[in-house]
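Worksheet: the structure to be examined is printed underneath.
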Amino acid sequence: MREVTVKIPEERFEFFMELFEQLGIETNLEYEIPEAHKAIVTARIKNSKPEDLIAWEEARKTLKFKT
């Protein structure tokens, strides 16, 4: 069996998922986080200082989201 990775525009995602289902194509929406990435996050958490952190609500105000 072959595996294909497809990038689908967000607004067409539901259409593609329904199409795959009707065609009997197995989909896997779960993905694994590599151990190396987990180690980086763990190290960053371990080395962080509470005074350097800000609440998500505050951080969110500074981010620009695509619509």
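The values are calculated or read from the model by the stated rules, or taken from the named source; none is laboratory data. Treat the numbers as computed from the prediction; the structure is a model and nothing was measured. In this analysis, Cβ positions are derived from the backbone assuming ideal geometry, glycine residues included, and neighbour counts consider all displayed protein chains.
The condition (being in a helix (DSSP H, G or I) and at pLDDT below 90) is satisfied by just one residue among Met17, Met1: Met17. Entry remark, the range 37-59: residues being surrounded by 10 or more Cβ atoms within 10 Å (Cβ to Cβ) and in a helix (DSSP H, G or I) number 8 in total.
So for the range 25-34 (the condition being in a helix (DSSP H, G or I), free of Cβ contacts under 8 Å to residues at least 60 places away in the same chain and surrounded by 10 or more Cβ atoms within 10 Å (Cβ to Cβ)), does at least one residue qualify?
Taking every residue of the range 25-34 in turn, none turns out to be in a helix (DSSP H, G or I), free of Cβ contacts under 8 Å to residues at least 60 places away in the same chain and surrounded by 10 or more Cβ atoms within 10 Å (Cβ to Cβ).
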